[in-house]
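Engineer: Below is one structure. I have some questions about it.
The values are calculated or read from the model by the stated rules, or taken from the named source; none is laboratory data. Everything numeric in this text was worked out from a predicted model, so none of it was measured. Methodologically, a virtual Cβ is constructed for each residue, glycine included, from the backbone with ideal geometry; neighbour enumeration extends over all protein chains shown. Just the protein is used for accessible areas: all its heavy atoms, side chains included, with ligands, DNA and RNA removed. Shrake-Rupley method; radii C 1.70, N 1.55, O 1.52, S 1.80 Å.
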Amino acid sequence: MIAACGFKFLGSPLGTRDFCSALTEKRVLKNEPLLQAIGDLEDPQAALLLLRSCASFGRIAFSLRTTASELHEEAIRDFNEVVQACFGSFSGFHPDDGQWQQAGLSIHFGGLGLRNACDHVPAAHISFLSACFSACQLLDEKYELEA
């Protein structure tokens, strides 16, 4: 997809904030039917397993890694809200902010393993940039990471 304000390269949006946010929002909307179906399951244990393993953080992780956080913050927040609504649908429990933060912890630390994408955006993007830094320098010896 090529537009005047950006383009998609290997599934990653490159361009303006509006373009990147719109592409991530499109991914969020694409996942809503799946999350709705999981929320409608009658077995909360199966629903939690599906949500944690197949339908939450992993569905948006590529976007977190490859796109700078400030270019799609609102879309990532929308995704977290949809995941939280899905959890509320099958569990009947609607956690407040502190409880939802605890749910984002790994099971080992007393959470549910439902990672909050907003919390991981900066680290995911920095790890992506540092992982490809040497390859970028091979292509352009003057390549530098921005502060």
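Engineer: Within region 106-139, which residues are assigned to a loop (DSSP other than H, G, I, E, B) and more than 21 Å from Arg65 (Cβ to Cβ)?
Structural biologist: Passing the criteria: Gly110, Gly111, Leu112.
Engineer: From the residues in region 103-136 that are modelled with pLDDT of 90 or more and open to solvent by less than 60 Å² (accessible area, probe 1.4 Å), which one is nearest to Glu25 (Cα to Cα)?
Structural biologist: Leu114
Engineer: Hey, does region 8-25 have a residue that's without any contact (Cβ under 8 Å) to a residue 12 or more places away in the chain and under 13 Å from the mean Cα position of the chain (by Cα)?
Structural biologist: no
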